[in-house]
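**Q** This is the structure I want to talk about, given as structure tokens.
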Amino acid sequence: MRCNEIRRQLMDLPMDMLVDILLRLPVESLHHIRRVCKTLLNTIGSLSFIRQHTLLLIAGNNHVVNRVPQLMCLAQTPPPSDGEEITIFATLQSLRYDGGTALTKGEFTYSTSSPSPADYMINFVFYNLFCMDRGDGHCLLINPLLKQVLSLPTDNILTKYGPDSQVSIWYGMGFDDITNTYKIVRVSKFANKENYRDIHGMLVHILVLGTNSWREIPSLPPSGLPRLYAVCAHGDMHWLIRRMTGEEFHWTPTPPTLQSSNMNSTSHLLTFRGSMAIVENFPLAEGGMKVEIWVMKDYAKKEWAREYSINVDMRPKYELMYGTCGEWEHGIFFNDHYIICLKSEDTTRLFLDLRSDSVNTARCPLGTELLVNIKSYTGSLISLKDFGTSGFSSTDEPSS
């Protein structure tokens, strides 16, 4: 049967039946199908279809959740140690992992730069949206699948508590299924420049994606909320000690038998196979380390299940105390570094294959002098063009 005949038969279906079929397909297939004709492009790209698909993602629907995680790294030139003003370059680069010891560059790359003391970092990953913050109130949303960039609006938040305050800002993102809107939360903590433990205050603002102003809300997180370890799951943004649902912060219980009483253990929050998970690792007396993966199987009831308990014949140099964790196609990986981030040459990438309980180390293909951190992400249909994009745009639309 010819492709044109298949397309004609597909388009002859009632629209509600066509939409139901499309919603059952994985994101990668939808990105290919949207190129077939204008009708499919408009259907798959419509806000109503994208929101229906997002709701399926949030609900953990197997048709859209079972997808292969992709890898992305953020690399930037180190800031000068002597306070000299230089240009800081940052690159967001997709990666491929071969399952062994090789990490290679993928197709996507995005570069930007700012004068020091800019300090770029990925604040969160919301499915396929990356929030890249440069530490001075300027923030970008980047969609690598559709090659889109959106600058978030700025305000006077940096001067709220006067020149004697040092401001730390971090972000999260979620989907409000009541208003069918995407919302970004911004947490700002103000401290004394001379003593960071002297907290002047905290403010929380909400931005509805597509609008131009931040709105302050009364709900506040604890002052110790970690800046770098936000995870998106079930439409909410989670930190290791607290989650944000709607426009309020709430506590989420951790697994009751988590080995947190072990002073040598470290815990990592991540999205694992579409669900929220906690990875805990601690050293073994005989050498190596134990890795346990707890998955929240029922989000409504907050029920956890321990899915893996593995003894690994390797102990990372920094014991993952300040490390980060993510998911790859057949397991999880760790960035093992000291404090926040070191040069790539000083960071070990550990890839744990859950099929064989084996572990490999892999080197990042970017320059060893760069500060590098690797993240994982999965696909969605969210398009930043619906909220006013800047930067580069997709060019894969069909001609007819």
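**Q** Under 7 Å between Cβ atoms, which residue pairs at least 6 apart in sequence (or on different chains) link something in the range 96-125 that is of a type in the set (A, V, I, L, M) with a partner that is crowded, with 20+ Cβ neighbours inside 10 Å and outside any strand (DSSP E or B)?
**A** Hits for this filter: Leu103/Cys364.
**Q** Is there a residue in the range 61-68 that is surrounded by 14 or more Cβ atoms within 10 Å (Cβ to Cβ) and modelled with pLDDT of 80 or more?
**A** no
**Q** Of all residues in the range 18-46, count the ones that are assigned to a helix (DSSP H, G or I), among the β-branched types (Val, Ile, Thr) and open to solvent by 30 Å² or more (accessible area, probe 1.4 Å). Give the derivation first.
**A** Narrowing the range 18-46 to residues assigned to a helix (DSSP H, G or I): 18-23, 27-33, 38-44.
Imposing the further condition that a residue be among the β-branched types (Val, Ile, Thr) reduces the set to 19, 21, 27, 33, 39, 43-44.
Retained after the next criterion (residues that are open to solvent by 30 Å² or more (accessible area, probe 1.4 Å)): 21, 33, 39.
Number of matching residues: 3.
**Q** Then there is this: For Thr109, work out the one condition from (1) modelled with pLDDT of 90 or more; (2) surrounded by 16 or more Cβ atoms within 10 Å (Cβ to Cβ); (3) of a type outside the set (Asp, Glu); (4) within 17 Å of the chain's Cα centre (by Cα) it doesn't fulfil.
**A** The number of the failed condition is (2).
**Q** Further, regarding this structure: So for the range 167-179 (the condition being under 15 Å from Leu209 (Cα atoms), open to solvent by less than 40 Å² (accessible area, probe 1.4 Å) and hydroxyl-bearing (Ser, Thr, Tyr)), does at least one residue qualify?
**A** Yes, the range 167-179 contains at least one residue that is under 15 Å from Leu209 (Cα atoms), open to solvent by less than 40 Å² (accessible area, probe 1.4 Å) and hydroxyl-bearing (Ser, Thr, Tyr).
**Q** Moving on to the next point. Mind listing just one residue for me: the one in the range 74-103 that is under 20 Å from the mean Cα position of the chain (by Cα) and closer than 22 Å to Leu354 by Cβ and, of those, modelled with the lowest pLDDT?
**A** Filtering the range 74-103 for residues that are under 20 Å from the mean Cα position of the chain (by Cα) and closer than 22 Å to Leu354 by Cβ, the one modelled with the lowest pLDDT comes out as Leu103.
**Q** Turning to a different aspect of this structure: Hey, Thr361 hits all of (1) open to solvent by 60 Å² or more (accessible area, probe 1.4 Å); (2) at pLDDT 90 or above; (3) assigned to a strand (DSSP E or B) but one; which does it fall short on?
**A** Every condition holds for Thr361 apart from (2).
The values are calculated or read from the model by the stated rules, or taken from the named source; none is laboratory data. Please read all numbers here as calculations on a predicted model, not as lab measurements. Note that each Cβ is placed from the backbone with ideal geometry, even for glycine, and that neighbours are counted across all protein chains shown. Heavy atoms of the whole protein, side chains included, go into the accessibility calculation; ligands, DNA and RNA do not. Shrake-Rupley method; radii C 1.70, N 1.55, O 1.52, S 1.80 Å.
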